[in-house]
1. Treating each Cα of the stretch 336-382 as an identical point scatterer and ignoring solvent, apply the Debye formula and state log10 I(q)/I(0) at q = 0.23, 0.33 Å⁻¹.
2. Working from Cα positions, state the angle (0 to 90°, nearest 10) between the long axis of helix 304-313 and the longest principal axis of the chain.
3. Take every DSSP beta bridge whose two residues both sit in the stretch 2-294, then give the antiparallel share in percent to the nearest 5.
4. Report for the stretch 150-299 the percent antiparallel among DSSP-assigned beta bridges with both residues inside it, nearest 5.
5. Based solely on C-alpha atoms, express the radius of gyration and the Dmax of the chain in angstrom.
6. List the trypsin sites (Lys or Arg not before Pro) in the stretch 190-239 that DSSP assigns to loop (not H, G, I, E or B) and whose Cβ has at most 16 other Cβ atoms within 10 Å. Which are they?
7. Suppose a student asked you for the relative contact order of the chain, using Cα pairs under 8 Å spaced at least 6 residues apart; what percent would you report?
8. Computed over the Cα atoms, what is the radius of gyration of the stretch 187-304 divided by 2.2 N^0.38 Å, N being its residue count?
Amino acid sequence: MSYSINNSGITTGLSTFGAGGGFHAFRSNGTGLTDLALSGAFNYGAGINDSGQITGGFGEDQGYYHPFFYNGSTSIDLGTLGGSYGDGIGINSSGNITGEAQTAGGIYHAFLWNGSSMRDLGTLGGSTSIGKGINSSGQIVGNSDITGNGSTHAFLYDGTGMHDLGTLGGTSSGAEAMNASGEATGFATTSNGDQRAFLYDGRKMINLGTLGGSISYGKGINSSGMVVGRSQITGSSVYHGFLYTGGTMFDLNNLVIGLGGVTDIDVQGYGAINDSGQIGATGFIAGQQHVFLLTPVAGTGFSVLENWRQRWFGTTSNSGNAADTADPYGNGLPNLAVFALLGPAQDPSTASINQLPQVQRSGGNLLYSFTEPTGVSGITYGAEWSATLQSDWQPVPDTGTAPLHVFSVPIGSNPKLFLRLRVTEQ
């Protein structure tokens with residue numbers, strides 16, 4: 001079973017190796033599974049970062065684990081919060097880990113491991129909590145019992161405390177994964193008691209619907225706001241994996257090509273989609289479950305920019321309020337500039353010129369430098385300079401190395417010098 005994938009397409013999860021009866025954590029680059037050879041008959045990988053560091057759980061008995069940190073060659077037992085057991089689930093680019101661990105009283109609480117010690121994150125007033133996803137800013141999502149222990153709610157931990165994300169009108173919810181912008185996905189109940197996958201956009205939960213069945217779960221989200229998860233299908237209790245993009249939920253079983261004989265492709269892991277749109281999934285061949293790496297095929301589906309238009313304007317078309325050159329909110333920023341310079345997670349209605357990188361004077365040069373936002377693709381960046389703002393615009397070479405772009409022009413004896421940035425869709 002595949003649980004998590006990083007931006008290099010490396011996955012981790014669990015698999016049976018040999019006839020020992022247990023299961024072991026693995027890492028895979030899509031061409032085979034490598035046993036991490038951790039201690040204990042039962043161990044699994046739950047989260048992996050872009051450095052290939054992995055967290056999960058290990059132990060001699062199924063269901064009774066300790067969280068671990070694996071650095072590519074050796075593993076560290078993270079211990080607990082004073083109790084006997086725990087699980088590592090999410091890991092960020094700094095190697096910080098979240099999950100759940102028992103306290104001295106035997107109650108499971110969400111934790112943050114900062115590389116040397118484990119911190120108890122508390123609860124939303126109830127007894128138990130669990131951390132599921134952690135981003136590069138150290139924000140954490142998961143779920144917690146609320147006061148009275150009548151139900152669980154999704155939470156966001158921002159370094160100062162645990163905040164209740166609410167529900168879709170029902171009584172319960174839980175967050176499973178988050179991206180670098182603080183967007184999250186998981187599941188929540190509606191006022192009718194239906195359980196639905198949700199997208200939390202930083203302000204509210206959005207109901208993603210189902211594939212025709214009664215239940216759905218969000219399991220992973222990337223920097224473009226694309227969500228993967230699992231949903232019951234029409235007229236059945238069988239789950240299929242889904243991809244939610246451009247405002248629509250797609251059955252992965254209808255999108256996959258070149259996997260003849262594979263049935264019931266599903267997404268069960270945390271953080272199961274990366275910024276390139278690759279997905280860690282499972283499926284069945286002749287009744288046996290296998291792990292798959294699903295990679296988008298060039299020239300199919302929507303581009304990242306089209307997904308951004310659909311998300312914020314309800315259309316993929318380069319027209320009307322969604323046009324690249326349109327400034328529908330009168331903030332002085334054309335849509336393409338918002339996407340290219342602020343990233344696909346940026347809501348154009350709240351974008352501000354003050355968020356843009358500024359031209360600076362550096363020594364004897366006029367300098368414009370910035371880092372291309374995570375998740376942007378299909379954009380060409382260029383710059384031009386002029387001494388008169390007339391017809392003398394000259395191109396400026398980009399001396400940076402992607403994702404860093406650097407445009408620099410010697411001022412020389414010019415009394416005035418102007419530098420402008422061009423962003424174009426490829």
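Every read-out reported here was derived from the displayed coordinates using simple, explicitly stated rules and does not represent laboratory data. Just so it is clear, the structure is predicted and the values come from calculations on it, not from any experiment. Note: ideal-geometry Cβ built from the backbone for every residue, glycine included; neighbour counts use all protein chains shown.
1. For the stretch 336-382 at q = 0.23, 0.33 Å⁻¹, log10 I(q)/I(0) is -0.87, -1.30.
2. Result, in degrees: 90.
3. Working: 99 of 105 bridges.
Of those bridges, close to 95 percent are antiparallel.
4. Values: 46 of 49 bridges.
Within the stretch 150-299, antiparallel bridges account for around 95 percent of the total.
5. Spelled out, the Cα radius of gyration and Dmax of the chain are 23.5, 79 Å.
6. Loop-located and lightly packed - R203, K204.
7. Working: 1185 pairs, mean separation 35.2, N = 426.
Relative contact order here is 8 percent.
8. Numbers: Rg = 13.9 Å, N = 118, 2.2 N^0.38 = 13.5 Å.
Cα Rg divided by the expected 2.2 N^0.38 Å: 1.03.
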